[in-house]
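Here's the structure, in structure tokens; my notes come after.
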Amino acid sequence: VLKDISFAYDEKDVLKNININIPKNKRVALVGLSGSGKSTIANIIPRFFDNYKGDIIIDSQNIKQMHLKDLRENISIVTQETILFNDSISNNIKYGKLDASYEEIENIAKLAGITEFAEGLENKLETIIGEGGIKLSGGQRQRVAIARAIIKDAPILIMDEATSSLDNITEKEIYKTIKNLMKNKTILIIAHRLSTIEDSDIIYVINKGKIESFGSHSDLLIKSEIYKKLQLKEKLENEY
Ligand code: ADP
Ligand code: MG
């Protein structure tokens, strides 16, 4: 539960009195124009930024009273900018679960659509990906970041435009995997394409650091001007 959250990076207020409820084992989505504050919301939950006003409560515990290690152990996050190391693909996945067996890594790699491209690489999953994963495409990097989050298997999953560089088909497959594997997880997902979050339990529309509206997809098509605009924009892009 995010209770009355306000936040500023410098002087400028970025979040203004945000209230969001993410029920246990449900999937909640944030949508809104770029710059509206979605990533900021995602990033204050694991306390990447700490100086917010208001309270964030997980299972009736205020996260400010939790040990950072405990908090972060309970959260798998795919940030908007993927963070990868100059190491093998398998080790980059394993970073999510240090005691994972090789078989586990191979399974997750398959589910996250990594095997598919790794087969074409010189050393398959043992290929060294370069600084920040420079030797992989944007979409390939995102798949490694997603695999790392899946293998961690934390009760909370946060995905911030985690599939923005994937083509529609790969993106759909990966969401199918996530929905299957993550049935008993509490999920916060920031949409890149609205079509991937339409079936979320609750969708929040963020506008200039405030919540414009929230509800189901069909609710928002009636009551949210911004949601309707985003929908139209996506429809036009698809036709193009
Ligand atoms: P979204 O994810 O919806 O595109 P963000 O949460 O990334 O929006 O950004 C919200 C606002 O905060 C923007 O105006 C952005 O420029 C500003 N912002 C984001 N990150 C930082 C930062 N690290 N330092 C200063 N301003 C930031
Ligand atoms: Mg963002």
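The values are calculated or read from the model by the stated rules, or taken from the named source; none is laboratory data. Just so it is clear, the model here is predicted, and its values are computed rather than measured. As a convention, Cβ positions derive from the backbone with ideal geometry for all residues, glycine included, and neighbour counts pool all protein chains shown. Please note that ligands, DNA and RNA were not included when accessible areas were found on the heavy atoms of the full protein model with its side chains. Shrake-Rupley method; radii C 1.70, N 1.55, O 1.52, S 1.80 Å.
Based on alpha-carbon atoms, the Kirkwood radius and the radius of gyration of the range 52-133 give Rg/Rh equal to 1.11. In the structure displayed, which of K12/K185; K97/K183; K64/K185; K16/K152 lie more than 30 Å apart, Cα to Cα? Among K12/K185; K97/K183; K64/K185; K16/K152, the Cα-Cα distance tops 30 Å for K12/K185; K16/K152. In the chain, the longest principal axis of the Cα atoms and the axis of helix 138-152 are about 90 degrees apart. Across every pair of non-identical alpha carbons in the range 35-182, the mean reciprocal distance, once inverted, gives a Kirkwood radius of 16.1 Å. Each label point was placed 7 Å from the Cα along the Cα-to-Cβ direction; for E225 and Q80 their separation is 2.4 nm.
For the range 113-206, what is the convex hull volume of its Cα atoms per residue in Å³?
Considering the Cα atoms of the range 113-206, their hull volume per residue is 110 Å³.
Each label point was placed 7 Å from the Cα along the Cα-to-Cβ direction; for D70 and D55 their separation is 1.6 nm. Computed in the context of the full set of protein chains, the accessible area of the chain at 1.4 Å probe radius has 50% of its extent on carbon or sulfur. The long axis of helix 225-239 is offset from the longest Cα principal axis of the chain by roughly 40 degrees.
Counted over the chain, the DSSP beta bridges are approximately 45% antiparallel.
Sorted by accessible area with a 1.4 angstrom probe, largest first, how do L230, L111 fall?
Reading off the accessible areas and sorting them downward yields L111, L230.
The heavy atoms of K208 offer some 150 square angstrom of accessible surface to a 1.4 angstrom probe. Overall shape of the range 1-110 was characterised from the C-alpha gyration tensor. The equivalent ellipsoid obtained from it has semi-axes of 30, 17, 14 Å, in decreasing order.
In this label model, I128 and D99 are separated by 3.0 nm, measuring between points 7 Å along each Cα→Cβ vector.
How big is the Kirkwood radius of the range 177-240, worked out from every pair of different alpha carbons and given in Å to one decimal?
12.8 Å
Residues E234, E81, E122, E173, sorted by accessible area with the largest first, give E122, E81, E173, E234 [1.4 Å probe; ligands and nucleic acids excluded]. Residues with beta-carbon under 15 Å from that of D70, excluding D70: net charge, scoring Lys, Arg +1 and Asp, Glu -1? For residues surrounding D70, the net value is +3. Average accessible surface for the range 48-95: 60 Å² per residue, computed with a 1.4 Å probe over protein heavy atoms with every protein chain in place.
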